[in-house]
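Quick notes on the structure that follows.
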Amino acid sequence: MSRVPLARLATLAACAAPLAALAHVGAGPHDHGAAAALVAGFTHPFTGLDHLAAMVAVGTWSALTARRVWLAPVAFALALLAGAVLGLAGVALPAVEPVIAVSLLVVGLLVATGLRLPAAAGAALVAGFALFHGAAHGGELAGDGAVAALLGMVAATALLHAAGIGLGLWMRDAHRWLPRLAGGAVALFGVALLAPLA
């Protein structure tokens, strides 16, 4: 499969994910509440630049460096969901905000340098960061419709990862200097977030 069709396939799959989640809404008396929670969960990752940048950067780095471009994004999404469930359950992870800032610094540097890690190590690294991103989300999405909100959040995460994969494949094919610029910007964003917390 060529690189361009792979990017299109990833984007189409991510776009279909919200539709799959919506298919389960509408079977009971709380339809409007569940639909609103689904939308709230879906829009939530777009409301924080730190989360948005991390999710797109993970997809970009994976596309630039990995043969299995889906592995790190899937690991991120699953760990994000696990972290969100912990947050919903009231489990507080230590140093959530500093770890999120460090995740931007590290993933930004990975994009900028094009560093290739063994597949399992790369997936484990981003999953570790995603657990903290998820914990931050989970605490904010608690309440009625939490399950629908989590479905929406995971769908949005898949969409952002797919956008990152498409961006990474585009940069890999045509614009090799752009990863340094984009990754450097994400890393600097992480430094800016980390500085007040130090």
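The values are calculated or read from the model by the stated rules, or taken from the named source; none is laboratory data. Everything quoted here is computed from the prediction, not taken from an experiment. Note that we place each Cβ from the backbone using ideal geometry, even for glycine, and neighbour counts take in every protein chain shown. Keep in mind that these areas ignore ligands, DNA and RNA; they rest on the heavy atoms of the full protein, side chains included. Shrake-Rupley method; radii C 1.70, N 1.55, O 1.52, S 1.80 Å.
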>> For the list (1) at pLDDT below 55; (2) surrounded by fewer than 17 Cβ atoms within 10 Å (Cβ to Cβ); (3) closer than 19 Å to Gly134 by Cβ, I need the number of the one condition that Ala21 fails.
In response: (2)
> Could we say that Val99 is in contact (Cβ under 8 Å) with a residue 40 or more places away in the chain and of a type in the set (Val, Ile, Thr) here?
Replying inline: no
> Just to be sure, is Leu117 open to solvent by 50 Å² or more (accessible area, probe 1.4 Å) and either modelled with pLDDT of 95 or more or within 29 Å of Ala36 (Cβ to Cβ) (or both)?
Replying inline: yes
> So which residues in segment 65-104 are assigned to a helix (DSSP H, G or I), touching a Phe, Trp or Tyr at 6+ places or on another chain (Cβ under 7 Å) and farther than 16 Å from Leu125 by Cβ?
Replying inline: Val96
> What's the number of the condition Pro94 fails, among (1) surrounded by fewer than 22 Cβ atoms within 10 Å (Cβ to Cβ); (2) in contact with a helix residue (DSSP H, G or I) (Cβ under 8 Å, 6 or more places away or on another chain)?
Replying inline: (2)
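Here is a yes/no grid of residues against (1) of a type in the set (Lys, Arg); (2) outside any helix (DSSP H, G or I); (3) in contact with a Gly (Cβ under 7 Å, 6 or more places away or on another chain); (4) at pLDDT 95 or above:
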{"position": "Ala121", "(1), (2), (3), (4)": "no, no, no, yes"}
{"position": "Val126", "(1), (2), (3), (4)": "no, no, no, yes"}
{"position": "Leu131", "(1), (2), (3), (4)": "no, no, yes, yes"}
{"position": "Met171", "(1), (2), (3), (4)": "no, no, no, no"}
{"position": "Pro179", "(1), (2), (3), (4)": "no, no, yes, no"}
> Considering segment 34-64 alone, what residues qualify as being part of a helix (DSSP H, G or I), out of contact with any Gly (no Cβ under 6 Å at 6 or more places or on another chain) and not hydrophobic (A, V, I, L, M, F, W, C)?
Replying inline: Thr43, His44, Pro45, Asp50, His51, Ser62
> Quick one: how many residues across segment 107-119 are part of a helix (DSSP H, G or I) and either in contact (Cβ under 8 Å) with a residue 60 or more places away in the chain or under 14 Å from Gly190 (Cβ atoms) (or both)?
Replying inline: 7
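Go over the candidates Ala89, Ala40, Ala77, Ala63 one by one and state the one that is in contact with a helix residue (DSSP H, G or I) (Cβ under 9 Å, 6 or more places away or on another chain), within 16 Å of Val186 (Cβ to Cβ) and either open to solvent by 50 Å² or more (accessible area, probe 1.4 Å) or not polar (S, T, N, Q) (or both).
Details: Ala89 fails: within 16 Å of Val186 (Cβ to Cβ); Ala40 fails: within 16 Å of Val186 (Cβ to Cβ); Ala77 fails: within 16 Å of Val186 (Cβ to Cβ).
Exactly one residue qualifies, and that residue is Ala63.
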